[in-house]
Amino acid sequence: MNIKQLEYVVSLAEQRHFERAAEKCFVSQSTLSTMIGRLEDELGLLLFDRTKKPISVTKEGEALLGQIRMVLKDLEMLSSVVQEIKGEVSGELSIAAIPTVAPFLLPRVLWKFAKRFPKVKIEVRELITQHIEQGLLNREIDMGITATPTHIEDLSEHILYEEPFYLFDYDSNNVKANINLEEINYDRMYLLEDGHCLSSQIENVCSLSHRHLDTYQNVNFKAGSIDSLIRIVKMNKGLTLLPKLATFDFNENEKKRLSQFNQKTAARTVRLVVHKHFVKQRLLETFLKEIKQEIAPYLT
């Protein structure tokens, strides 16, 4: 058993296709197939069912796959520790952020960060909080950006910033600059679909758990992204709550539809989450500093 065999197994499990897996590993298809076959012979187990198309992972393969990924991640961590000791920063960095943060935060900080560390290959994904936490625990993700506490012992979180919510109101002809939560017309409220933590946060802020929204309609819109949510609100002359960073590209007419809340509780805390054994400390500290410095002017 060697490291390359483990890498080939993971690649084939992800691609479910020998040719694509071989291309990803920069080897020939025959080499990848032979090496995986030798590993299966050594283990006395079939890791893949080659009779199916696409290729599927066997029950035994699924049982081993998580541990194989952990072994590879531990080896990567060992290499990272060596680099830290030598003062070098290179390798791969996987970052995942929730969809209600990623498009408004990452473009402002990522390219500057990448330029500072040209030898680091950065992969970025949008995932919901649950999948980010699972990815961090499985070591498939290095850093996660969320807006809710993790409450998971093996994960460590660092507060990035406090972000206020604004009321985005296309219902009223007289939008106030400042408003109280009690003044909201909840019958015209639109939210993101279930699974987005932003919807849960809005429900908590507005105490909507016992309210039924859109009671006069027989169509219940559930948007999948903030952009879709904004479009739905505008088309249906409704209202919603938006995080402040999501409003910076608004035109003048849209900005006139925004109200600040008098209550300080109408806000969310954005966090950077890593595994407690995360070793790329220089990258972590730099990324934290870059985000805080870049975002601070937008939140004052």
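Here the gap between T269 and M70, fully extended at 0.36 nm per residue and compared with their Cα-Cα distance, gives a gain of 68.6 nm.
For trypsin sites (Lys or Arg not before Pro), the sites in segment 257-300 that DSSP calls loop and that have at most 11 other Cβ atoms within 10 Å are K264, K276. Partner lysines whose Cα lies under 16 Å from the Cα of K115, excluding those fewer than 8 positions away in the same chain, are identified as K289. Segment 96-151 and segment 235-300 have Cα centres lying 14 Å from one another. Looking at segment 90-173, the trypsin sites (Lys or Arg not before Pro) that sit in a DSSP loop and have at most 10 other Cβ atoms within 10 Å of their own Cβ are K119. Converting phi to 3J(HN,Hα) with the Karplus coefficients 6.51, -1.76 and 1.60 and the offset θ = phi - 60°, segment 278-287 yields 4, 10, 7, 5, 5, 4, 4, 5, 5, 5 Hz in sequence order, with x at every glycine or proline. Computed from Cα atoms, the angle from the helix 29-43 axis to the main principal axis of the chain rounds to 80 degrees. At a threshold of 8 angstrom on Cα-Cα distance, excluding pairs fewer than six apart, so keeping six or more, what relative contact order does the chain reach in percent? Reported as a whole number, the value is 21 percent. Projecting the Cα atoms of I132, V10, T286 onto the dipole axis of the chain, where Lys and Arg carry +1 and Asp and Glu carry -1 at the beta carbon, places T286 farthest toward the positive end. Other residues lying with their Cβ under 13 Å from the Cβ of A177 contribute a combined charge of +2, Lys and Arg counting +1, Asp and Glu -1.
Think of a 1.4 Å ball rolled over the protein heavy atoms: the chain then has 54 Å² of accessible area per residue.
For segment 150-157, 3J(HN,Hα) computed residue by residue from phi via the Karplus equation (6.51, -1.76, 1.60; θ = phi - 60°) reads 7, 6, 10, 4, 7, 10, 10, 10 Hz, glycine and proline entered as x. Given a 1.4 Å probe and every protein chain left where it sits, what share in percent of the accessible area of the chain is carbon and sulfur? So the carbon and sulfur contribution to the accessible surface is 50 percent. For segment 218-280, the set of chymotrypsin sites (Phe, Trp or Tyr not before Pro) satisfying both a DSSP loop assignment and a count of at most 12 other C-beta atoms within 10 Å is given as F248. According to the square roots a ≥ b ≥ c of the eigenvalues of the Cα gyration tensor, what is the shape class of the chain, taking rounded for a/c under 1.5, prolate for a/b larger than b/c otherwise, and oblate for the remainder? Since a/c reaches 1.5 and a/b is larger than b/c, the shape of the chain is classed as prolate. Between the exposed loop cleavage positions of the chain, defined as GluC sites (Glu not before Pro) in a non-H, G, I, E, B DSSP state with at most 14 neighbouring beta-carbon atoms within 10 angstrom, the longest gap is 194-300. The lysines within cross-link reach of K255, meaning a Cα-to-Cα straight distance under 22 Å and a gap of 8 or more places when in the same chain, are K176, K234, K237, K244, K264. Counting Lys and Arg as +1 and Asp and Glu as -1 over every other residue whose Cβ lies under 14 Å from the Cβ of K24, the net charge comes to -2. Summarising the amide proton neighbourhood of R125: residues at separation of 5 or more, or on other chains, whose placed amide H is nearer than 5 Å comprise I95, A96, A97.
DSSP beta bridges confined to segment 38-177 are antiparallel in about 15 percent of cases.
Calculated mean residue ellipticity at 222 nm for the chain: -14000 deg cm²/dmol, from DSSP H runs with n ≥ 4 weighted as -39500 (n - 2.57), summed, divided by the residue count and rounded to 500.
The values are calculated or read from the model by the stated rules, or taken from the named source; none is laboratory data. The structure displayed is predicted, hence computed values, not measured ones. Cβ atoms come from the backbone with ideal geometry, glycine included; neighbour counts cover every protein chain shown. Surface areas here come from the heavy atoms of the whole protein model, side chains and all, with no ligands, DNA or RNA. Shrake-Rupley method; radii C 1.70, N 1.55, O 1.52, S 1.80 Å.
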